[in-house]
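Notes follow once the structure below has been shown.
All of the numbers you see were taken from the coordinates with simple rules; none came from a lab. The model shown is predicted, which means the values in this text are computed figures rather than measured ones. Note that we place each Cβ from the backbone using ideal geometry, even for glycine, and neighbour counts take in every protein chain shown.
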Amino acid sequence: MYKAIIVDDENRSVETLKSIIQQFCSNEVEVTGTANSVQEAYTLIQTTSPDIVFLDVEMPHGSGFDLLEKFTKPNFEVVFTTGFDHYAVTAIKFSALDYLLKPINIEEVRDAIAKAKKRIEGKHTQQNLEHLIKNLRHPRDKTNKIPISVVNGFQFVPVNTIVYCEADDDYTYVHLVENQKLTVSKNIKEFEDILTSYDFFRIHHSFLVNRDYIKRYIKGEGGTILTEQGNELPVSRRRKSEFLEWLNNF
């Protein structure tokens, strides 16, 4: 049996999630406490040592990320909860962590708990949380690392080593500076959502490129860019003017 706490400033949200867990997941998880603020949650975690923390992203007097920063080495699994589908949600999902989007769905809670149990056994959460927090606090620091799924777990890749991303249906090839290519089972839109703030641009429906590695732009109907590594990537006609404006703003 896993111990869990719920952290949310809205009592209705607390009671809804608590009720779902008690009715549909009571054989796996026991809710041992609830908290409405960062400070309450910090004290509760210290006294109850939960296995899983259901954590609201945004609260009036401190975010869920503020709570996590109080722990040097979190020894609990986190499932984020939020009413907003925005950059933070994309970052959470990209960091191989889980979240529940309000209003919370029963099946999604069951699925989140199953994933949390697997991650507890795999012991990946701590490193993923550290990178997530750093990325959110310093969204333009190109030394930030993003976790990329590989065969035996995750490879943490510094943003400044990614030359470009290439779409292939629901997969993305991540091309790195040392001519290494990683195949990731995420679509390129997810990479675009995360990497745009690091000076990446979607030049084509199939290509997302890092400005730091653009060596030259060759004119044409859409045009072509040449990377420092010698790659030739097409610029789509409909993205050409926006791309050139973006390029000239640096």
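Among the trypsin sites (Lys or Arg not before Pro) in the range 210-250, those placed in a DSSP loop whose Cβ has at most 15 other Cβ atoms within 10 Å are LYS219.
Per-residue Karplus couplings for the range 68-83, computed as 6.51 cos²θ - 1.76 cosθ + 1.60 with θ equal to phi - 60°, are listed in order as 4, 5, 6, 10, 5, 9, x, 10, 9, 7, 10, 10, 6, 10, 7, x Hz, Gly and Pro entered as x. The slack in the chain from LYS102 to PHE24, taken as 0.36 nm per residue of separation less the alpha-carbon distance, amounts to 26.3 nm. With a cut-off of 8 Å between alpha carbons and a minimum separation of six or more residues, what is the relative contact order of the chain in percent? Dividing the mean separation by the residue count of the chain yields 10 percent. Model label sites at HIS205 and GLU10, defined 7 Å from Cα along the beta-carbon direction, differ in position by 3.7 nm.
Taking 0.36 nm per intervening residue step and subtracting the Cα-Cα distance, what contour gain separates LEU247 from ASN160 on full extension?
Values: separation 87, 0.36 × 87 = 31.32 nm, distance 1.77 nm.
Residue separation times 0.36 nm, minus the Cα-Cα distance, leaves 29.5 nm.
Our coupling estimate for the range 49-63, obtained by passing each phi through the Karplus curve with A = 6.51, B = -1.76, C = 1.60 and θ = phi - 60°, is 6, x, 7, 10, 10, 8, 10, 5, 6, 10, 9, x, 10, x, 8 Hz, Gly and Pro reported as x.
Under a Cβ-Cβ cut-off of 11 Å, what is the net charge of the residues other than GLN39 that fall near it, where Lys and Arg count +1 and Asp and Glu count -1? All intermediate terms of the calculation are to be shown ahead of the outcome.
Values: positive: LYS70; negative: GLU40, ASP66.
Around GLN39, the surrounding residues sum to -1.
In the range 1-142, Cα pairs under 8 Å separated by at least six residues give a relative contact order of 21 percent. For the options THR227, THR172, THR47, a Gaussian network treatment of the chain with springs between C-alpha atoms closer than 10 Å singles out THR47 as fluctuating the most.
Over 27 Å between C-alpha atoms is what I'm after, so list which of LYS117/LYS186; LYS102/LYS240; LYS134/LYS240; LYS93/LYS117; LYS93/LYS219 land there. Don't jump to the answer; show the numbers that get you there.
On the way: LYS117/LYS186 22 Å; LYS102/LYS240 38 Å; LYS134/LYS240 33 Å; LYS93/LYS117 17 Å; LYS93/LYS219 37 Å.
Pairs exceeding 27 Å: LYS102/LYS240; LYS134/LYS240; LYS93/LYS219.
Could you tell me the ratio Rg/Rh of the range 59-112? Both radii from Cα atoms, Rh via Kirkwood. Can you show the working numbers first?
Values: Rg = 11.8 Å, Rh = 12.3 Å.
Here Rg/Rh amounts to 0.96.
Bridge orientation summary for the chain: considering DSSP beta bridges with both residues in this region, about 60 percent are antiparallel. Among ILE188, ILE92, ILE225, the largest mean-square fluctuation in a Gaussian network model of the chain, built with springs joining Cα atoms closer than 10 Å, belongs to ILE225. Projected label points at ASP193 and GLN46, each 7 Å from Cα along the beta carbon direction, are separated by 3.6 nanometres.
Within the listed set PRO103, PRO158, PRO147, the Gaussian network model of the chain (springs between alpha-carbon atoms below 10 Å) gives the highest mean-square fluctuation for PRO103. Applying the criteria of a DSSP loop state and at most 11 other Cβ atoms within 10 Å to the chymotrypsin sites (Phe, Trp or Tyr not before Pro) of the range 67-137 yields PHE84.
Computed from Cα positions, the angle between helix 106-122 and the longest principal axis of the chain comes to roughly 80 degrees.
Checking the Cα-Cα distances for LYS118/LYS145; LYS3/LYS70; LYS73/LYS118 against a 26 Å cut-off, no pair goes over it.
Here the spin labels are modelled as points 7 Å beyond Cα on the Cα-Cβ line, and at ASP66 and ARG140 they lie 2.4 nm apart.
So what is the calculated 222 nm ellipticity per residue for the chain, using -39500 (n - 2.57) for each DSSP H run with n of 4 or more, over all residues, to the nearest 500 deg cm²/dmol? The partial results should precede the final answer.
Values: 8 runs with 85 residues, N = 250.
Mean residue ellipticity, 222 nm, calculated: -10000 deg cm²/dmol.
Put the Cα centre of the range 188-250 next to the Cα centre of the range 20-44 and the gap is 46 Å.
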